[in-house]
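Student: Below you'll find the structure I mean.
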Amino acid sequence: MSNAVSRRPSPVLGAQPSALTDILKAVLRLPLAVLDLMIDWQQRSEERASMAQMSQHQRRDIGLTEEDLSEMASRLRWSRHI
């Protein structure tokens, strides 16, 4: 009898080892993706707060009106548009 180990698919959910590796990598990347998203939300919130404190002269220099700032301030933190 041979001592060779046969190469069979992983018994876990019948998935191949490469598929399990891909799933594991995706699961391990999830916390980093969530952290990146939260950092983006915080940066947008800070940018909107700093724009709300701009003087009229500063707003004119960058081409923003009072209505633009009011709209930006009312957006939710996860809104992509600054």
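The values are calculated or read from the model by the stated rules, or taken from the named source; none is laboratory data. Keep in mind the model is a prediction, meaning the values are calculated, not measured. Positions of Cβ are generated from backbone atoms using ideal geometry, with glycine treated the same way; all protein chains shown enter the neighbour counts.
Student: For the subset of region 30-43 comprising residues that are modelled with pLDDT of 90 or more and of a type in the set (A, V, I, L, M, F, W, C), which member is farthest from Met72 (Cα to Cα)?
Tutor: Leu30
Student: Please verify whether region 44-67 includes one or more residues that are in a helix (DSSP H, G or I), exposed (fewer than 11 other Cβ atoms within 10 Å of the Cβ), under 20 Å from the mean Cα position of the chain (by Cα) and modelled with pLDDT of 85 or more.
Tutor: yes
Student: For Ile82, are the conditions met, namely being at pLDDT 85 or above and within 28 Å of the chain's Cα centre (by Cα)?
Tutor: no
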